[in-house]
Structure formats: structure tokens, C-alpha cells
Amino acid sequence: MSEKKLTFTVEEAKRSLERYCAYQDRCHQEIDRKLKEMRMIPEAREVIFLHLIEHDFLNEERFSRSFARGKFRIKQWGRQRIERELKQKEISPYNIKAGLSEIPQEEYEKTFMEVSRKRFLSVHETDLYKKRKKVADFLLRKGFESYKVYEVLKDLERENNS
């Protein structure tokens with residue numbers, strides 16, 4: 001059973017957070033949380049933040065771009081969900097826009113259609129209104145735009161009724 005270290009020098013904290021950032025892109029909020037867990041004083045946190053930014057371990061634009069790409073390609077999230085999650089991480093509007101620009105429109109449309117079709121076919125509900133609601137709720141949770149969701153549901157219903 002290993003115990004967590006209670007105190008860190010500024011140098012130890014820098015090295016630890018360099019490894020933390022090198023493993024995966026991080027946002028300022030995650031680093032701040034780590035520094036608080038390490039019980040670093042505000043002056044030391046500022047020094048460490050500056051060090052990480054100067055040595056390019058911490059870059060919020062890069063973080064938001066990789067976050068958006070990853071959540072879209074792996075979890076198939078829509079733009080609204082990605083934007084909401086980035087806002088929760090206190091990412092600036094400029095960096096949110098940069099992150100969303102990583103998602104090509106054509107690929108977005110294709111993914112949206114595939115996810116919609118797959119979900120529509122997998123929901124086994126005899127009542128058409130209940131089925132529509134279940135699929136719509138799923139797609140809205142994923143972060144796809146509501147006008148697109150309701151449009152695609154009409155198309156999928158027509159497809160399956162013909």
C-alpha cells in the first residue's frame with residue numbers, strides 16, 4: 001500500500017506535472033486541481049504554471065483541439081456536447097472555436113447519420129412516439145443539434161415505413 005506524498009518542493013512538483021502533461025494534453029483547470037492536491041501555495045502554483053506554459057507542456061489551444069478531435073472520433077459526440085464540456089473546463093471561447101474547427105463538416109454529417117441510423121434501428125419500441133423520443137433524447141445527449149435530430153428522425157421513419 002503506497003501513501004501519497006504530503007509535501008512537494010517546487011522542482012518536484014514541476015517534474016511531476018511535466019510527466020502528467022506529457023502523457024496527455026491537459027487544461028489549466030486540471031493542473032490547478034493537481035497543484036491544490038499537492039498543497040502548493042499560490043506563489044508556487046504561479047511559478048509552476050509559467051514553467052509549464054513556457055516549456056510547452058501546457059497549451060490550452062492544443063488541449064481543446066485534441067479534446068474535440070478525440071471526443072468526436074472516439075465517443076462520437078456532437079459539437080454542442082463538446083462545446084459544453086470545454087466550457088465546463090473553463091476554456092476560452094477562442095480556444096473552443098479552435099477545437100470545434102478540428103471537426104470536418106462532411107465527417108460530422110456522416111457520423112451523425114451513422115449514429116442516428118444505428119440507434120433508430122436498435123431501439124425496439126412498437127409505439128412510434130416513444131421510439132422517436134428515445135432516439136431523440138439519445139442524440140441530444142450526444143450533443144447533436146436539435147433541428148438536425150428532428151429532421152433525421154422524420155427521414156428515418158419514412159425510410160423504414162416504405
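The numbers here are math on the coordinates, done by the rules we state, and not lab data. In this text, all values refer to a predicted model and were calculated from it rather than measured experimentally. Counting neighbours? That spans all protein chains shown, and the Cβs are built from the backbone with ideal geometry, glycine included.
Of the listed peptides 81-94, 115-128, what is their order by residue-averaged count of other C-beta atoms within 10 Å, with the highest listed first? Working shown, then result.
Numbers: 81-94: 15.9, 115-128: 13.2.
Going by the mean number of other Cβ atoms within 10 Å, highest first, we get 81-94, 115-128.
Cut-off 19 Å, label point 7 angstrom out along Cα-to-Cβ of ARG33: give me the residues of segment 79-96 whose amide nitrogen falls inside.
Counting backbone N atoms under 19 Å from the label point, the list is 81-92, 96.
Each residue of segment 115-125 in order: what ³J(HN,Hα) in whole Hz does its phi give by Karplus 6.51 cos²θ - 1.76 cosθ + 1.60, θ = phi - 60°, with x for Gly and Pro?
Here the 3J(HN,Hα) series is 4, 4, 4, 4, 5, 4, 6, 7, 7, 9, 9 Hz.
Taking the structure as given and computing Rg/Rh (Cα atoms, Kirkwood Rh), which label from [x] 1.33; [y] 1.16; [z] 1.10 fits?
Matching the structure shown: [y].
Which order do the peptides 35-48, 56-69 take when ranked by the mean count of other beta-carbon atoms within 10 Å per residue, highest first?
Numbers: 35-48: 14.8, 56-69: 19.0.
Highest to lowest by the protection proxy: 56-69, 35-48.
Under 17 Å from the Cα of LYS134, which lysines turn up, not counting those fewer than eight places away in the same chain?
Straight-line reach from LYS134, under 17 Å: LYS118, LYS142, LYS148, LYS154.
Could you name the aspartates and glutamates whose alpha carbon sits less than 19 Å from that of LYS75, not counting residues in the same chain fewer than 8 places away?
ASP25, GLU83, GLU85, GLU102, GLU106, GLU107, GLU109, GLU114, ASP137, GLU145
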